[in-house]
Amino acid sequence: ISVGLMTEASFLGGLPFMQSKVPSNENPLVIGSDFSGIITAVGSKVNKDNYKVGQRVCGMNHQQSVFSEKGSWAEFTITQEKSIVSIPDAISFTDAAAAVMPLFVIHGLLEVFEKKIKGKERIVVIGASGGIGSMLVTMLHKTFADYNLHITGVCSGRNEEFVLGLGADRVADYTKGPIEISLKQGDEDEAGMYDVVFDIVGGQSSYKSGKAVLRKGGSFISCVGPEAWIGDEILSTTAKISWVGRVLWYSGILNKIPGSHPMYYMVAPSELGKATYNMAFENKVIPHVDEVFPFDDIDNFKNAMDLVRSHRVKGKVVMELK
(Lines give C-alpha, C1' and ligand atoms only; values in the text may rest on other atoms or scores of the structure.)
Protein backbone atom coordinates (compact mmCIF):
# COMPACT_ATOMS: atom_id res chain seq x y z
CA ILE A 1 0.00 0.00 0.00
CA SER A 2 1.19 3.54 -0.77
CA VAL A 3 -0.03 6.57 1.12
CA GLY A 4 0.07 10.21 0.08
CA LEU A 5 1.65 12.23 2.85
CA MET A 6 0.12 15.43 4.18
CA THR A 7 1.12 16.68 7.60
CA GLU A 8 -0.89 19.03 9.76
CA ALA A 9 -0.58 19.74 13.45
CA SER A 10 -4.34 19.83 13.58
CA PHE A 11 -6.84 19.69 10.74
CA LEU A 12 -8.13 23.17 9.93
CA GLY A 13 -6.17 24.53 12.86
CA GLY A 14 -8.33 22.83 15.46
CA LEU A 15 -11.89 23.62 14.39
CA PRO A 16 -14.56 21.74 16.39
CA PHE A 17 -15.41 18.19 15.21
CA MET A 18 -12.64 18.37 12.60
CA GLN A 19 -10.07 16.48 14.68
CA SER A 20 -9.23 12.82 15.01
CA LYS A 21 -10.66 11.11 18.08
CA VAL A 22 -8.45 11.03 21.17
CA PRO A 23 -6.58 7.67 21.15
CA SER A 24 -6.69 5.13 23.96
CA ASN A 25 -5.19 1.69 24.64
CA GLU A 26 -8.42 0.09 23.48
CA ASN A 27 -8.73 2.31 20.41
CA PRO A 28 -5.27 3.39 19.21
CA LEU A 29 -5.07 6.14 16.64
CA VAL A 30 -3.97 5.22 13.11
CA ILE A 31 -3.37 8.46 11.25
CA GLY A 32 -3.41 9.19 7.52
CA SER A 33 -6.20 9.65 5.01
CA ASP A 34 -5.23 9.04 1.35
CA PHE A 35 -3.99 5.67 0.08
CA SER A 36 -3.67 3.25 -2.82
CA GLY A 37 -3.51 -0.53 -2.81
CA ILE A 38 -5.27 -3.78 -3.65
CA ILE A 39 -8.66 -4.87 -2.31
CA THR A 40 -8.24 -7.93 -0.09
CA ALA A 41 -11.85 -8.30 1.11
CA VAL A 42 -15.25 -6.90 0.15
CA GLY A 43 -18.21 -6.34 2.48
CA SER A 44 -21.68 -7.73 1.84
CA LYS A 45 -23.18 -4.31 0.99
CA VAL A 46 -20.59 -3.42 -1.67
CA ASN A 47 -21.65 -3.61 -5.31
CA LYS A 48 -19.58 -6.56 -6.54
CA ASP A 49 -19.88 -5.31 -10.13
CA ASN A 50 -17.89 -2.20 -9.18
CA TYR A 51 -15.30 -3.52 -6.75
CA LYS A 52 -13.86 -6.98 -6.16
CA VAL A 53 -10.95 -8.70 -4.44
CA GLY A 54 -7.65 -8.13 -6.27
CA GLN A 55 -8.74 -4.81 -7.80
CA ARG A 56 -6.33 -1.85 -7.74
CA VAL A 57 -7.88 1.22 -6.09
CA CYS A 58 -7.02 4.53 -4.47
CA GLY A 59 -9.07 6.62 -2.10
CA MET A 60 -9.44 8.69 1.02
CA ASN A 61 -10.76 8.10 4.52
CA HIS A 62 -12.02 10.99 6.64
CA GLN A 63 -10.43 10.63 10.06
CA GLN A 64 -12.03 13.62 11.72
CA SER A 65 -14.31 12.80 14.66
CA VAL A 66 -17.40 13.83 12.71
CA PHE A 67 -16.64 11.00 10.21
CA SER A 68 -14.67 8.51 12.40
CA GLU A 69 -13.18 6.55 9.47
CA LYS A 70 -10.05 4.42 9.70
CA GLY A 71 -6.55 5.83 9.19
CA SER A 72 -4.48 4.72 6.20
CA TRP A 73 -0.89 4.72 7.49
CA ALA A 74 -0.86 0.96 8.00
CA GLU A 75 -0.54 -2.26 6.02
CA PHE A 76 -4.34 -2.51 5.78
CA THR A 77 -7.22 -0.07 6.08
CA ILE A 78 -11.01 -0.25 5.92
CA THR A 79 -12.84 2.11 3.61
CA GLN A 80 -16.21 2.69 1.94
CA GLU A 81 -17.32 2.13 -1.64
CA LYS A 82 -18.00 5.84 -2.10
CA SER A 83 -14.46 6.70 -0.97
CA ILE A 84 -12.44 4.79 -3.60
CA VAL A 85 -11.86 4.83 -7.35
CA SER A 86 -10.34 2.20 -9.61
CA ILE A 87 -6.74 2.74 -10.75
CA PRO A 88 -6.01 2.22 -14.47
CA ASP A 89 -3.24 -0.28 -15.21
CA ALA A 90 -1.01 2.49 -16.58
CA ILE A 91 -1.03 4.37 -13.23
CA SER A 92 1.35 3.18 -10.50
CA PHE A 93 0.32 2.81 -6.87
CA THR A 94 2.74 5.62 -5.98
CA ASP A 95 1.24 8.05 -8.49
CA ALA A 96 -2.30 7.06 -7.54
CA ALA A 97 -1.68 7.67 -3.82
CA ALA A 98 -0.03 11.01 -4.60
CA ALA A 99 -3.01 12.07 -6.72
CA VAL A 100 -5.74 11.42 -4.14
CA MET A 101 -5.56 14.56 -2.00
CA PRO A 102 -4.84 16.99 -4.88
CA LEU A 103 -7.73 15.65 -6.98
CA PHE A 104 -10.03 15.62 -3.95
CA VAL A 105 -9.45 19.37 -3.55
CA ILE A 106 -9.27 20.12 -7.29
CA HIS A 107 -12.72 18.61 -7.72
CA GLY A 108 -14.11 21.33 -5.45
CA LEU A 109 -12.12 24.08 -7.18
CA LEU A 110 -13.29 23.00 -10.62
CA GLU A 111 -16.92 22.79 -9.52
CA VAL A 112 -16.80 26.56 -9.07
CA PHE A 113 -14.64 27.23 -12.14
CA GLU A 114 -16.68 25.15 -14.59
CA LYS A 115 -19.79 27.22 -13.89
CA LYS A 116 -17.97 30.36 -15.03
CA ILE A 117 -15.64 29.30 -17.82
CA LYS A 118 -16.30 30.83 -21.24
CA GLY A 119 -12.89 30.61 -22.87
CA LYS A 120 -9.65 32.59 -22.96
CA GLU A 121 -9.71 33.19 -19.20
CA ARG A 122 -6.53 34.53 -17.63
CA ILE A 123 -5.80 32.47 -14.54
CA VAL A 124 -3.40 32.68 -11.59
CA VAL A 125 -2.53 29.67 -9.43
CA ILE A 126 -0.96 30.73 -6.11
CA GLY A 127 1.09 27.80 -4.83
CA ALA A 128 1.68 26.30 -8.28
CA SER A 129 4.61 24.03 -7.36
CA GLY A 130 3.01 22.21 -4.41
CA GLY A 131 1.05 18.98 -4.40
CA ILE A 132 -2.35 20.50 -5.18
CA GLY A 133 -1.22 23.50 -7.23
CA SER A 134 1.04 21.49 -9.53
CA MET A 135 -1.75 19.06 -10.45
CA LEU A 136 -4.21 21.94 -10.86
CA VAL A 137 -1.92 23.64 -13.40
CA THR A 138 -1.68 20.41 -15.40
CA MET A 139 -5.44 19.76 -15.15
CA LEU A 140 -6.24 23.24 -16.45
CA HIS A 141 -3.66 22.90 -19.23
CA LYS A 142 -4.72 19.44 -20.44
CA THR A 143 -8.42 19.05 -19.73
CA PHE A 144 -9.41 22.59 -20.71
CA ALA A 145 -7.13 22.81 -23.73
CA ASP A 146 -10.02 23.79 -26.02
CA TYR A 147 -10.72 26.90 -23.92
CA ASN A 148 -7.37 28.57 -24.71
CA LEU A 149 -6.66 29.50 -21.09
CA HIS A 150 -3.67 31.62 -20.08
CA ILE A 151 -2.19 30.18 -16.86
CA THR A 152 0.25 31.97 -14.57
CA GLY A 153 1.81 29.94 -11.77
CA VAL A 154 3.05 31.62 -8.59
CA CYS A 155 6.06 29.89 -7.02
CA SER A 156 9.67 30.55 -6.05
CA GLY A 157 12.21 31.22 -8.79
CA ARG A 158 13.91 27.86 -8.24
CA ASN A 159 10.70 26.10 -9.32
CA GLU A 160 10.09 28.21 -12.43
CA GLU A 161 11.09 25.57 -14.99
CA PHE A 162 9.14 22.91 -13.11
CA VAL A 163 5.90 24.93 -13.20
CA LEU A 164 6.36 25.94 -16.84
CA GLY A 165 6.83 22.25 -17.63
CA LEU A 166 3.46 21.51 -16.03
CA GLY A 167 1.73 23.68 -18.61
CA ALA A 168 1.86 27.20 -17.17
CA ASP A 169 2.30 29.99 -19.71
CA ARG A 170 4.12 32.19 -17.24
CA VAL A 171 5.58 32.17 -13.72
CA ALA A 172 5.56 34.88 -11.04
CA ASP A 173 8.27 34.60 -8.36
CA TYR A 174 6.80 35.39 -4.93
CA THR A 175 10.28 35.76 -3.40
CA LYS A 176 10.82 38.99 -5.35
CA GLY A 177 8.12 40.97 -3.58
CA PRO A 178 4.34 41.32 -3.78
CA ILE A 179 3.18 39.06 -6.60
CA GLU A 180 0.75 41.63 -7.97
CA ILE A 181 3.75 43.69 -9.11
CA SER A 182 5.16 40.76 -11.10
CA LEU A 183 1.73 39.85 -12.46
CA LYS A 184 1.20 43.33 -13.86
CA GLN A 185 4.58 43.42 -15.57
CA GLY A 186 5.64 41.90 -18.88
CA ASP A 187 4.69 42.30 -22.50
CA GLU A 188 1.16 43.01 -23.71
CA ASP A 189 0.24 39.33 -23.87
CA GLU A 190 1.38 38.64 -20.29
CA ALA A 191 0.64 41.79 -18.29
CA GLY A 192 -2.78 42.94 -17.26
CA MET A 193 -5.73 41.86 -15.19
CA TYR A 194 -6.93 38.33 -14.53
CA ASP A 195 -10.29 36.56 -14.46
CA VAL A 196 -9.65 33.83 -11.88
CA VAL A 197 -7.21 33.37 -8.99
CA PHE A 198 -6.88 29.90 -7.46
CA ASP A 199 -5.44 30.22 -3.95
CA ILE A 200 -3.71 27.07 -2.63
CA VAL A 201 -1.69 28.88 0.08
CA GLY A 202 -4.21 31.03 1.93
CA GLY A 203 -3.72 34.07 4.13
CA GLN A 204 -4.34 37.78 3.81
CA SER A 205 -1.38 38.41 1.48
CA SER A 206 -2.73 35.93 -1.08
CA TYR A 207 -6.15 37.58 -1.01
CA LYS A 208 -4.67 41.07 -1.19
CA SER A 209 -2.55 40.15 -4.22
CA GLY A 210 -5.42 38.31 -5.88
CA LYS A 211 -7.78 41.21 -5.35
CA ALA A 212 -5.21 43.60 -6.86
CA VAL A 213 -4.98 41.70 -10.16
CA LEU A 214 -8.56 40.50 -10.64
CA ARG A 215 -10.94 42.23 -13.01
CA LYS A 216 -14.20 43.57 -11.59
CA GLY A 217 -16.39 40.55 -11.04
CA GLY A 218 -13.41 38.20 -11.16
CA SER A 219 -13.30 35.07 -9.00
CA PHE A 220 -11.00 34.35 -6.05
CA ILE A 221 -11.28 30.60 -5.34
CA SER A 222 -9.50 29.34 -2.21
CA CYS A 223 -9.18 25.89 -0.65
CA VAL A 224 -7.40 27.32 2.41
CA GLY A 225 -9.09 30.57 3.40
CA PRO A 226 -7.82 33.63 5.27
CA GLU A 227 -5.20 31.76 7.35
CA ALA A 228 -2.03 30.79 5.46
CA TRP A 229 -1.04 27.12 5.71
CA ILE A 230 -3.93 26.46 8.07
CA GLY A 231 -3.31 23.30 10.05
CA ASP A 232 0.38 23.90 10.67
CA GLU A 233 -0.48 25.04 14.18
CA ILE A 234 -3.43 24.59 16.50
CA LEU A 235 -5.36 27.84 16.52
CA SER A 236 -6.49 29.55 19.70
CA THR A 237 -10.23 29.91 20.32
CA THR A 238 -10.03 33.55 19.25
CA ALA A 239 -8.20 32.62 16.05
CA LYS A 240 -10.79 29.94 15.25
CA ILE A 241 -13.64 32.41 15.64
CA SER A 242 -11.74 34.95 13.54
CA TRP A 243 -11.12 32.40 10.77
CA VAL A 244 -14.77 31.36 10.58
CA GLY A 245 -15.90 34.98 10.74
CA ARG A 246 -13.64 36.06 7.88
CA VAL A 247 -14.74 33.16 5.69
CA LEU A 248 -18.38 34.03 6.30
CA TRP A 249 -17.67 37.70 5.59
CA TYR A 250 -15.83 37.13 2.33
CA SER A 251 -17.94 34.31 0.90
CA GLY A 252 -21.33 34.92 2.46
CA ILE A 253 -21.71 38.67 2.95
CA LEU A 254 -19.22 40.55 0.79
CA ASN A 255 -20.27 38.60 -2.32
CA LYS A 256 -23.76 40.07 -1.94
CA ILE A 257 -22.53 43.67 -1.67
CA PRO A 258 -22.07 45.55 -4.98
CA GLY A 259 -18.56 46.87 -5.60
CA SER A 260 -15.24 46.33 -7.33
CA HIS A 261 -14.16 43.47 -5.05
CA PRO A 262 -13.83 39.95 -6.51
CA MET A 263 -16.27 37.14 -5.87
CA TYR A 264 -14.81 35.01 -3.06
CA TYR A 265 -15.33 31.25 -3.00
CA MET A 266 -14.15 29.03 -0.13
CA VAL A 267 -13.97 25.41 -1.29
CA ALA A 268 -14.25 22.63 1.29
CA PRO A 269 -15.10 19.36 -0.51
CA SER A 270 -16.42 16.52 1.65
CA GLU A 271 -16.67 13.65 -0.85
CA LEU A 272 -14.49 12.10 -3.51
CA GLY A 273 -15.33 13.52 -6.95
CA LYS A 274 -14.93 10.31 -8.93
CA ALA A 275 -15.54 12.05 -12.26
CA THR A 276 -12.55 14.33 -11.62
CA TYR A 277 -10.29 11.34 -10.92
CA ASN A 278 -11.43 9.58 -14.09
CA MET A 279 -10.93 12.79 -16.10
CA ALA A 280 -7.40 13.15 -14.71
CA PHE A 281 -6.45 9.54 -15.41
CA GLU A 282 -7.93 9.65 -18.93
CA ASN A 283 -5.96 12.81 -19.73
CA LYS A 284 -2.76 11.39 -18.19
CA VAL A 285 -2.62 14.06 -15.49
CA ILE A 286 -0.01 12.47 -13.26
CA PRO A 287 1.27 14.03 -10.01
CA HIS A 288 4.92 14.87 -9.59
CA VAL A 289 6.32 12.80 -6.69
CA ASP A 290 9.26 14.61 -5.12
CA GLU A 291 10.32 11.74 -2.88
CA VAL A 292 9.18 8.28 -1.76
CA PHE A 293 10.01 7.15 1.79
CA PRO A 294 9.85 3.50 2.89
CA PHE A 295 7.62 3.27 5.94
CA ASP A 296 9.97 0.97 7.86
CA ASP A 297 11.40 3.03 10.71
CA ILE A 298 10.74 6.16 12.72
CA ASP A 299 13.58 8.13 11.10
CA ASN A 300 12.03 7.81 7.64
CA PHE A 301 8.71 8.91 9.08
CA LYS A 302 10.25 11.98 10.73
CA ASN A 303 12.20 12.91 7.59
CA ALA A 304 9.08 12.67 5.46
CA MET A 305 7.07 14.79 7.88
CA ASP A 306 9.82 17.41 8.11
CA LEU A 307 10.01 17.64 4.32
CA VAL A 308 6.28 18.22 3.95
CA ARG A 309 6.18 20.75 6.81
CA SER A 310 8.95 22.75 5.11
CA HIS A 311 6.48 23.75 2.34
CA ARG A 312 9.35 23.33 -0.12
CA VAL A 313 8.21 20.10 -1.75
CA LYS A 314 7.77 20.01 -5.52
CA GLY A 315 4.57 18.05 -5.91
CA LYS A 316 3.98 15.29 -3.38
CA VAL A 317 5.72 13.06 -0.85
CA VAL A 318 4.66 9.42 -0.58
CA MET A 319 5.17 6.78 2.11
CA GLU A 320 5.45 3.19 0.81
CA LEU A 321 4.31 0.35 3.05
CA LYS A 322 5.29 -3.23 2.28
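The values are calculated or read from the model by the stated rules, or taken from the named source; none is laboratory data. Since we're looking at a predicted model, the values are computed, not measured. Neighbour counts run over all protein chains shown; Cβ positions are idealised from the backbone, glycine included. All accessible areas refer to the heavy atoms of the entire protein, side chains included, with ligands and DNA or RNA removed. Shrake-Rupley method; radii C 1.70, N 1.55, O 1.52, S 1.80 Å.
Is it the case that D146 is over 12 Å from the mean Cα position of the chain (by Cα), more than 25 Å from K274 (Cα to Cα) and surrounded by fewer than 17 Cβ atoms within 10 Å (Cβ to Cβ)?
In short, no.
Rundown of residues vs (1) among the aromatic types (F, W, Y); (2) at pLDDT below 90, yes/no style:
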site: S219; (1), (2): no, no
site: G231; (1), (2): no, yes
site: I234; (1), (2): no, yes
site: K240; (1), (2): no, yes
site: Y264; (1), (2): yes, no
site: V318; (1), (2): no, no
site: K322; (1), (2): no, yes
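Kindly indicate which of V163, V224 is touching a Gly at 6+ places or on another chain (Cβ under 9 Å), of a type outside the set (D, E, K, R) and open to solvent by 10 Å² or more (accessible area, probe 1.4 Å).
One residue alone meets the criteria, V224.
Which residues, counting only those in region 173-207, are aliphatic (A, V, I, L, M), in contact with a Gly (Cβ under 8 Å, 6 or more places away or on another chain) and modelled with pLDDT under 90?
M193
Can you confirm whether region 243-255 contains a residue that is under 23 Å from the mean Cα position of the chain (by Cα), surrounded by 21 or more Cβ atoms within 10 Å (Cβ to Cβ) and more than 21 Å from A96 (Cβ to Cβ)?
Within region 243-255 (the criterion being under 23 Å from the mean Cα position of the chain (by Cα), surrounded by 21 or more Cβ atoms within 10 Å (Cβ to Cβ) and more than 21 Å from A96 (Cβ to Cβ)), the answer is yes, since at least one residue qualifies.
If only one of Y250, Y207, Y264 is part of a helix (DSSP H, G or I), touching a helix residue (DSSP H, G or I) at 6+ places or on another chain (Cβ under 8 Å) and over 26 Å from G315 (Cβ atoms), which one is it?
Y250
Quick one: which of I230, I234 is of a type in the set (V, I, T) and surrounded by fewer than 18 Cβ atoms within 10 Å (Cβ to Cβ)?
When all the criteria are applied, what remains is I234.
Any residue in region 26-41 that's of a type outside the set (S, T, N, Q): show its pairings with residues that are loosely packed, with under 12 Cβ neighbours inside 10 Å and in a loop (DSSP other than H, G, I, E, B) at Cβ separation under 6 Å, as long as the two are six or more apart or on different chains.
L29/P23; I39/V53
Among (1) open to solvent by 20 Å² or more (accessible area, probe 1.4 Å); (2) in contact (Cβ under 8 Å) with a residue 24 or more places away in the chain; (3) assigned to a loop (DSSP other than H, G, I, E, B), there is one condition E111 misses while meeting the rest; what is its number?
(3)
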